[in-house]
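> Just passing along the structure, written as structure tokens.
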């Protein structure tokens with residue numbers, strides 16, 4: 001492709017969008033932040049914005065933090081991005097492994113948090129630019145091997161070597177060996193449900209020594225303990241969501257179309273990457289050319305063009321003929337079924353419902369089935385992805401036929417097993433999301449069963465070396481995806497029955513609850529706190545009095561997020577520092 005000048009594009013806005021708000025207190029230099037206690041925010045201020053997003057990172061500083069802990073991994077095209085998991089569906093509206101997707105493909109996927117529609121996956125360079133502007137410190141968690149030298153180079157080029165406060169032990173040899181990188185001592189952490197809203201817990205960490213980092217999920221209690229003022233409420237209320245300019249060599253539209261036409265596909269610039277870049281930079285050209293060119297493509301290329309039509313439809317484009325027929329024909333059989341299912345869902349093609357139901361039913365795996373060898377695992381992963389795409393499409397289309405409801409319920413009950421976390425139970429989790437919109441009240445008992453399920457078939461998976469150590473402790477934890485989605489759905493449904501089920505989860509003794517899912521109490525509390533119903537003083541009081549620290553923490557989050565005057569006694573008893581931080 002011919003190189004052209006760099007262009008700036010703001011997703012969801014325009015080039016030159018207003019800068020986000022600056023902190024309410026005077027900026028300190030990195031050297032000043034390194035002295036005393038350096039308050040570091042785990043994945044940014046993830047209580048206030050999607051984790052690892054630039055909004056979360058910017059809010060970390062606005063609310064009194066000194067630095068950000070960020071998770072780093074590489075996309076297919078080599079871009080270093082901020083993502084904790086190797087699979088993306090927990091935080092983004094899509095699924096798959098980040099390493100298999102280009103950065104442009106990720107940019108077409110919004111975060112699942114509806115409060116930040118313009119937010120997209122951030123890059124390391126964007127995070128470095130933010131830290132340079134705020135004099136912020138960095139805690140680097142390098143998630144994959146082989147990228148530490150490049151991370152070091154980019155930090156050096158940004159002039160931020162003295163901003164690096166912590167480097168995790170794994171995958172970061174180049175950073176840890178460089179004498180210019182000077183990690184600070186640690187005062188410990190209050191993350192993963194530890195109660196960083198408790199002044200007693202925070203104070204115990206602050207008394208543990210002089211100087212060093214304190215890692216928290218939310219900065220407010222620790223900032224209050226350190227005597228840092230709360231930001232101006234007006235500044236927070238009128239903060240412009242951070243939609244950073246996208247900087248890349250966009251190429252000409254003609255070159256991108258030619259790259260998408262290339263056969264065979266070049267290894268360094270995939271067809272989907274070219275089509276995604278066309279959609280990002282040349283929307284009108286994409287809407288005009290993709291529907292015209294897609295039918296002309298050979299069968300082995302056409303699925304990528306149909307995928308592009310799905311991406312266009314996800315952001316408002318309505319396909320006409322012959323595009324509708326092309327999607328339905330691809331869905332009827334042959335290669336590209338997953339792309340066709342996705343496109344049918346995004347385009348809301350009701351005619352596709354019978355075929356989507358058929359895919360769910362025909363590709364259902366027998367209960368307990370587990371692929372034995374690598375090739376079988378790859379084929380099984382493809383089947384799971386296709387079932388997940390079909391379930392998601394049924395939810396998008398929104399036509400609640402009896403056949404669709406039956407197939408989706410079966411997909412929840414018989415979710416597929418896989419040794420790779422990216423695919424384990426993905427079809428069942430997508431079916432949960434679809435049923436939550438198509439048959440919310442009727443699905444409540446099914447979701448309860450999914451959340452508490454302890455499937456004996458998972459014992460075989462738990463013995464595999466590929467499984468993370470923490471998941472081997474209790475085999476049922478490998479059903480993490482469908483359990484978290486089922487509990488989240490119970491909160492979103494918001495009926496008296498679903499609330500009663502969530503409250504019953506909190507009554508299960510901790511040891512028994514963790515046999516089903518290690519975060520059953522925490523997830524249930526978050527679903528209750530974020531549900532559609534009004535959170536009464538009595539209900540909130542029960543959360544504050546729960547023996548699990550993560551539940552008490554959730555009560556404090558809810559008190560601040562859903563503040564009402566009648567919560568004042570609970571505030572004064574449990575989080576008196578919160579009065580200066582919005583609970584007033």
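> Arrange the following residues from fewest to most other Cβ atoms within 10 Å of their Cβ: 220, 133, 311. Walk me through the numbers on the way to the answer.
Numbers: 220 29, 133 14, 311 24.
So the residues, fewest neighbours to most, are 133, 311, 220.
> Now a separate question. Checking the a/c ratio against 1.5 first, then a/b against b/c, what shape does the Cα gyration tensor give for segment 75-210? Let's see the in-between values first.
Details: a/c = 1.91, a/b = 1.24, b/c = 1.54.
Here segment 75-210 falls in the oblate category.
> Is the shape of segment 333-417 best called rounded, prolate or oblate, per the rule: a/c under 1.5 gives rounded, else a/b larger than b/c gives prolate, else oblate, with a ≥ b ≥ c the square roots of the Cα gyration tensor eigenvalues? If you can, show how the numbers build up before the last one.
Working: a/c = 2.65, a/b = 1.49, b/c = 1.78.
The shape class here is oblate.
> Starting from the Cα gyration tensor of segment 435-499, multiply each eigenvalue by 5, take the square root, and state the resulting semi-axes largest first in whole Å. Spell out each step's value before the answer.
Details: eigenvalues 159, 20, 15 Å².
After diagonalising the Cα gyration tensor, the semi-axes are 28, 10, 9 Å.
> Between residue 288 and residue 457, how many nm apart are label points set 7 Å from Cα along the C-beta direction?
Distance between label points: 5.1 nm.
> Please compute the length gained on full extension between residue 27 and residue 466, using 0.36 nm multiplied by the number of residues separating them and subtracting their Cα-Cα distance.
Numbers: separation 439, 0.36 × 439 = 158.04 nm, distance 4.52 nm.
Between residue 27 and residue 466, full extension yields 153.5 nm more.
> Something else about it: Can you give me the Cα centroid spacing of segment 146-213 and segment 315-348 in angstrom?
Taking the Cα centre of each part, segment 146-213 and segment 315-348 sit 47 Å apart.
> Sticking with this one: Determine, for 469, 37, 29, 213, the number of other Cβ atoms within 10 Å of each Cβ, and report the residues in order from fewest to most.
Numbers: 469 6, 37 20, 29 11, 213 24.
If I rank by nearby Cβ atoms, fewest first, I get 469, 29, 37, 213.
> For segment 7-245, just the Cα atoms, rotate onto the principal axes and tell me the three extents in Å, largest first.
Dimensions of segment 7-245 along the principal axes of its Cα atoms: 46, 44, 32 Å.
> Let me ask something else. Evaluated at 37 °C with a viscosity of 0.692 mPa s, what Stokes-Einstein diffusion coefficient in µm²/s does segment 285-426 have when Rh comes from the Kirkwood expression over alpha-carbon pairs? Each step should come with its number before you reach the end.
Values: Rh = 15.5 Å.
The diffusion coefficient I find is 212 µm²/s.
> Per DSSP H run of n ≥ 4, the term is -39500 (n - 2.57); total these for the chain, divide by its residue number, and report the mean residue ellipticity at 222 nm rounded to 500 deg cm²/dmol.
-14000 deg cm²/dmol
> Between residue 35 and residue 579, what FRET efficiency follows from the Cβ-Cβ distance if R0 is 35 Å, with the result rounded to 0.05? Walk me through the numbers on the way to the answer.
Details: r = 29 Å, r/R0 = 0.82.
Calculated value: 0.75.
> Can you give me the Cα centroid spacing of segment 404-432 and segment 444-483 in angstrom?
Between the Cα centres of segment 404-432 and segment 444-483 lies a distance of 13 Å.
> Please state the Cα pair-distance histogram of segment 217-285 with 10 angstrom bins from zero: what percent is in each bin?
16, 28, 14, 13, 19, 9, 0
> For 495, 166, 318, what ranking results if the residue with the fewest other Cβ atoms within 10 Å of its Cβ goes first? Working shown, then result.
Values: 495 15, 166 21, 318 11.
Ordered from fewest to most neighbouring Cβ atoms within 10 Å, 495, 166, 318 come out as 318, 495, 166.
> I've got another one for you. Taking 8 Å as the Cα distance limit and 6 or more residues as the minimum spacing, I'd like the relative contact order of segment 7-245 as a percentage.
Working: 494 pairs, mean separation 66.4, N = 239.
Reported as a whole number, the value is 28 percent.
> Give me the percent relative contact order of the chain, please, defined on Cα pairs under 8 angstrom at least 6 residues apart.
On the way: 1049 pairs, mean separation 67.8, N = 584.
Result for the chain is 12 percent.
> Next up: Based on alpha-carbon centroids, what's the gap between segment 542-584 and segment 102-127 in Å, whole number please?
Each part reduced to its Cα centre gives a spacing of 31 Å.
The numbers here are math on the coordinates, done by the rules we state, and not lab data. The shown structure was predicted, so the numbers you read here are calculated from the model rather than taken from an experiment. Note that each Cβ is placed from the backbone with ideal geometry, even for glycine, and that neighbours are counted across all protein chains shown.
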